[in-house]
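Step one of this worksheet: look at the structure below.
The values are calculated or read from the model by the stated rules, or taken from the named source; none is laboratory data. No experiment lies behind these values; they were computed from the predicted model shown. Cβ atoms come from the backbone with ideal geometry, glycine included; neighbour counts cover every protein chain shown.
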Amino acid sequence: MPGLLRGVARTAVVAGTATAVSNRVSRRQQGRWAAQQQYQEPAPRSASYAEAPTPPPAPDMSGKIEQLKQLGELKEQGILTEAEFEEQKRRLLQG
């Protein structure tokens, strides 16, 4: 039973950390985009052709790097095993 409780606690810590980091990155990106929009003047539109859709923004690598650092710290503290660390790292880098 203690092993199960430890596993549940570890999962909760990893999920909570990932959620907090993800939320912080999202808020930071929204702030940056809002600041960029304030300084950009709208471009004149031409009625002769349809406007192409804008591609989605590139992922913010600094957020992923920060998450990887936090995962490494959890592994060093013994909260994550090597296998759990590798799985979380793989998920982070894929998504």
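When every residue of segment 64-77 is checked against the conditions, at least one turns out to be modelled with pLDDT of 75 or more, of a type in the set (Gly, Ala, Ser) and surrounded by 10 or more Cβ atoms within 10 Å (Cβ to Cβ). Across segment 61-86, the number of residues qualifying as acidic (Asp, Glu) and closer than 18 Å to Leu4 by Cα comes to 2.
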